[in-house]
1. Just to check your reading of the model, which residue among Leu137, Leu176, Leu126 is surrounded by 20 or more Cβ atoms within 10 Å (Cβ to Cβ) and either in a strand (DSSP E or B) or outside the structural domain of Ala102 (by TED's automatic domain parsing) (or both)?
2. Within region 96-107, is there a residue that is out of contact with any Leu (no Cβ under 9 Å at 6 or more places or on another chain) and surrounded by 15 or more Cβ atoms within 10 Å (Cβ to Cβ)?
3. In region 249-263, is there at least one residue being part of a loop (DSSP other than H, G, I, E, B) and in contact with a Leu (Cβ under 8 Å, 6 or more places away or on another chain)?
4. Looking at region 274-293 only, could you name the residues that are surrounded by 14 or more Cβ atoms within 10 Å (Cβ to Cβ), under 13 Å from His200 (Cα atoms) and not hydrophobic (A, V, I, L, M, F, W, C)?
5. For Ile220, all conditions in the list (1) more than 19 Å from the chain's Cα centre (by Cα); (2) assigned to a loop (DSSP other than H, G, I, E, B) hold save one; what is the number of the exception?
6. How about region 1-115: which strands (runs of 3 or more DSSP E) wholly inside it have at least 3 residues that are out of contact with any helix residue (DSSP H, G or I) (no Cβ under 9 Å at 6 or more places or on another chain)?
7. Out of Thr134, Thr128, Thr169, Thr157, I need the residue that is touching a Phe, Trp or Tyr at 6+ places or on another chain (Cβ under 6 Å) and of a type in the set (S, T, N, Q). Which one?
Amino acid sequence: MTTSTPTPSVFGAVHLGYLVIETDRFADWRRFGTDAIGMHHDTLDTDRMRFRLDDQECRFLLRRGPAEDVVAIGWHVDDHATFEQIEARIRTHGVPVTEGTAEEAALRGVERLVRFPGPKRIAQELYTTPVKATRPLRMHSAGFVTGASGMGHIALTSTKPAHIRGYFTTVFDARLTDYIDETISGAKLRIRFLRVNERHHSIAVAATRGLPVDPIRTRIQHLNVQVRELDDLAQSYQRVCELGFDMALSVGQHTNDKELSYYARTPSGFEWEVGWNPIVVDESTWQPATHQGISIWGHKPVGQTIVDKLDQFRRGARSLTRHEDVVPALSGTGIPDD
């Protein structure tokens, strides 16, 4: 009898690298990204611009279009062997992989990339070699934490959270870090936190318990960047308020990763979390746990009206009739979840 040899894990060799955002609100996004959050900005042409956090040439690519949403996620893998291993996994499951064009790679600040379908119609892109920028950073910040932890995290809402967990486990050997149970406006939520490296989580997946509704219009609920200094958190919070951008949640501290953060609302409608000093997972001792509530303190809604809450309920009701794409071939039906 022959037995198959399991493929080596790619955990730890994968890092959140960049995001592609489609928007028609370029002027607002430039003010938000540069003047409020404090990132380095580069205008490419009338239809494309980029933000930097570090010496990588692109961390956020904004292209003109109607989605007002994140449309692609770039994952940096450490070497060509890992790149080929992940690509082979995807093809083995019968999922198409396409080579990015030279222009697409240049816009994202990478040497080459491949693209494949992802949950919620967010394209997933792999690359190995980022292009280093020659121009010095111009930022209202002492710097952002990237490196081995990646550039931050994304958070999704889903009616099929086990499928999304299965997807990232199948593709990247993602590990479950922990859960949070929370009740918001009477709705019971369970949030799964998944890591692909030392960062506490690179993906969070929130779902409503007992009723398969998704009250969020956008494909992602929020994205996160991590500042190096506490002063940068406080000063960017002040800039967001003074410049007239909406604050979604005030400064607070999370129960699970202990990160201090706030959430601003982007010109496209999804939220942007600026955080400081989350814990780093020790793989030798870590055990998943369930935390009650997202915050130890703070993270209070800012400026939310009854109209806003009604809009959320309407969106949730509409989601009952909307198909959610989770790429079944990569969703790992045998992966346990609860």
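1. Details: Leu137 fails: surrounded by 20 or more Cβ atoms within 10 Å (Cβ to Cβ); Leu176 fails: surrounded by 20 or more Cβ atoms within 10 Å (Cβ to Cβ).
Only one candidate passes the filter, namely Leu126.
2. There is at least one residue in region 96-107 that is out of contact with any Leu (no Cβ under 9 Å at 6 or more places or on another chain) and surrounded by 15 or more Cβ atoms within 10 Å (Cβ to Cβ).
3. The initial filter retains those residues of region 249-263 that are part of a loop (DSSP other than H, G, I, E, B), namely 255-259.
Checking which are in contact with a Leu (Cβ under 8 Å, 6 or more places away or on another chain) leaves us with none.
Within region 249-263 (the criterion being part of a loop (DSSP other than H, G, I, E, B) and in contact with a Leu (Cβ under 8 Å, 6 or more places away or on another chain)), the answer is no, since none of the residues qualifies.
4. Gly275, Asn277, Pro278, listed by residue number.
5. Status for Ile220: all satisfied but (1).
6. On the way: elements: 14-23, 40-45, 48-52, 60-64, 69-77.
The strands (runs of 3 or more DSSP E) meeting that bar are 69-77.
7. Numbers: Thr134 fails: touching a Phe, Trp or Tyr at 6+ places or on another chain (Cβ under 6 Å); Thr169 fails: touching a Phe, Trp or Tyr at 6+ places or on another chain (Cβ under 6 Å); Thr157 fails: touching a Phe, Trp or Tyr at 6+ places or on another chain (Cβ under 6 Å).
Matching residue, one of Thr134, Thr128, Thr169, Thr157: Thr128.
A quick yes/no check of all residues on (1) surrounded by 14 or more Cβ atoms within 10 Å (Cβ to Cβ); (2) of a type outside the set (A, V, I, L, M, F, W, C); (3) free of Cβ contacts under 8 Å to residues at least 60 places away in the same chain:
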site: Gly12; (1), (2), (3): yes, yes, no
site: His15; (1), (2), (3): yes, yes, no
site: Phe51; (1), (2), (3): yes, no, yes
site: Asp55; (1), (2), (3): yes, yes, no
site: Glu68; (1), (2), (3): yes, yes, no
site: Glu87; (1), (2), (3): yes, yes, yes
site: Thr92; (1), (2), (3): no, yes, yes
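The values are calculated or read from the model by the stated rules, or taken from the named source; none is laboratory data. In this text the structure is predicted, and so the values were computed from the model without any measurement. Positions of Cβ are backbone-derived with ideal geometry, glycine not excepted, and every protein chain shown enters the neighbour counts.
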